[in-house]
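Reviewing the structure listed below.
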Amino acid sequence: MKTSSYAMARMLGTWQDGAGPAHQRLSDRLRLLVLDGRLSLGAVLPSERDLATALRISRTTVGAAYRTLVEDGYLATRARTRATVRLPDDAPSGRRAAGPEAPAGPAAVDLSIAAPPAPVEILHAAFATALEQLPRHLERHGYDRYGTAELREAVAAWYERRGLPTSPDRILITNGAQHAVALLARALLSPRDRVLIEHPTYPHAIKAFTEARARLLPVSVVPSGWDVAQFRAAGRTAQLAYLIPDFHNPTGMCMPTEVRGRLGLSCPTVIDETLTDLALDGGPSPVPYATLTPAPLPTVISVGSVSKSIWGGLRIGWIRAVPSLLRRVEQIRPATDLGTPVVEQLATAVLLSAGQTRRPGALARLATQRDVLRQALAEHLPEVHAPRAAGGVTLWATFPEPLTSRLAAVAPDHGVVIAAGPRFGIGGAFERNIRLPFTLPADQLSEGVRRLAQAVRALNQGGTGTHTPAPVA
Ligand SMILES: Cc1ncc(COP(=O)(O)O)c(C=O)c1O
């Protein structure tokens, strides 16, 4: 796929900042874009001349940066063709990318994954019950693209308890919420359709929509919240919207009920409720977005999951939609998978029915960890601003300087792994941000922030890193 020089300039963002010659800074930033997955393998880069024009720098600088990347194995060139992105694993020479097997030492504090550990005993008991129920499924083939009746009923009841009348025929079980979003992207989008997203947003949703060859329409979510007028205006030109109103990932913000009522987007809207059950500080669960959408407006499609409220390893999520849309999803599903494992579904049904997605002990622990993380930031990185999240599992931290892509590359050398802000947006935005999850135990969070402060100091003294950015969740 060709990347235009102007798209490239947007992705490069603040590449000029930092020490060293311009060509080095440019090649460092391009390498980060490749390692980060923002420039995909096989992407065709703009010509040296076009990129130089878009960046308003000399062609020699771009040429030198491209040559470094070719030498390091990140670009392939052939006579009379544009440079294409590759990875250096099988390069005959050059610096190797640190692969996922070696992003940091074994004792690294991983602040890139926002997922709590499993509640062991509760999970064990649920699986024991699931195994007792399994025989009634064993006479059937086990391939069920809608999911088991038990889980569809339990999910429908979860909506009913939240005040949203739902029958099981409106539920389709998926392998997690990300699977649900990807299935909906395939079912609902055509190439070049426009998808309204919050900016920042959940990075794998961005991937699902770009994979469907949609164009993204980012609308900012700022500390003061969601600007209704801007969202409504963008909604008028979009074919689909994707919103995370409940403890938004990455900011942890919750859309006020009154804003939900006024938003009324005029395009079909996917509401991601992965974090809904994680209201901290004893606050109430958010009012379901779908209950506040007046009838003549286009469909609200809800997506849910137990990954954050119980355990990501269950890989259970769902779509709540009208039966006709679920039928379309069911029909496209076999291209990638043929159903969700039965035992996991039975165990999740047990857990959902017992209200285990809102465990007071687990929520209190998350709230304490959030506070410890903020205290550690105040102590070790006082220049960083990280507003208190009302729920969810992450803080959205802002540095005074745009440095977080470079910080993500250096941090593993100091024993900590982070997800840089630009992962959560498009066009190189959010270089001043990182997402910090508070799902690790308190002592690891404090230690992680201490190490992060060390990495910031090293970066300010001119350090660079070569680590592969970690996957996010
Ligand atoms: C908003 C949001 N949607 C979807 C997902 C993916 O969830 P799952 O593990 O259920 O696929 C996550 C995980 O972090 C998330 O935060």
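Worth a mention:
- Yes/no for Thr404 being surrounded by 16 or more Cβ atoms within 10 Å (Cβ to Cβ) and among the polar types (S, T, N, Q): yes
- When residues of the stretch 315-332 are limited to those that are surrounded by 23 or more Cβ atoms within 10 Å (Cβ to Cβ) and not in a strand (DSSP E or B), the one nearest to the ligand (Cβ to nearest atom): Ile316
- When the stretch 297-313 is limited to residues that are free of Cβ contacts under 8 Å to residues at least 60 places away in the same chain and closer than 23 Å to Leu123 by Cα, the one that is nearest to the ligand (Cβ to nearest atom) turns out to be Val306.
- Options Val228, Val219, Val270; residue that is more than 26 Å from Arg370 (Cα to Cα), away from the ligand (no atom under 16 Å from the Cβ), touching a strand residue (DSSP E or B) at 6+ places or on another chain (Cβ under 9 Å) and of a type in the set (Val, Ile, Thr): Val219
- Residue count for the stretch 38-80 under the criterion of being in contact (Cβ under 8 Å) with a residue 24 or more places away in the chain, closer than 16 Å to Met1 by Cβ and surrounded by fewer than 18 Cβ atoms within 10 Å (Cβ to Cβ): the result is 5.
- Residue identified as modelled with pLDDT under 95, surrounded by fewer than 17 Cβ atoms within 10 Å (Cβ to Cβ) and within 15 Å of Ala114 (Cβ to Cβ) among Pro441, Pro471: Pro471
- Pairs with Cβ under 6 Å, 6+ apart, first in the stretch 396-409 and of a type in the set (Lys, Arg), second at pLDDT 90 or above: Arg406/Leu459
- Residues in the stretch 32-50 that are farther than 22 Å from Phe430 by Cα and in a helix (DSSP H, G or I): Glu48, Arg49, Asp50.
- One residue stands out in the stretch 337-372 among those that are part of a helix (DSSP H, G or I) and among the polar types (S, T, N, Q): the one that is surrounded by the fewest Cβ atoms within 10 Å (Cβ to Cβ), namely Thr368.
- Qualifying residue in the stretch 135-144 (condition: away from the ligand (no atom under 16 Å from the Cβ), in contact (Cβ under 8 Å) with a residue 12 or more places away in the chain and either basic (Lys, Arg) or surrounded by fewer than 17 Cβ atoms within 10 Å (Cβ to Cβ) (or both)): yes
The values are calculated or read from the model by the stated rules, or taken from the named source; none is laboratory data. Predicted, not measured: the structure shown is a model, and the values here were computed from it. A quick note on method: Cβ atoms are made from the backbone with ideal geometry, for glycine too, and the neighbour counts reach across all protein chains shown.
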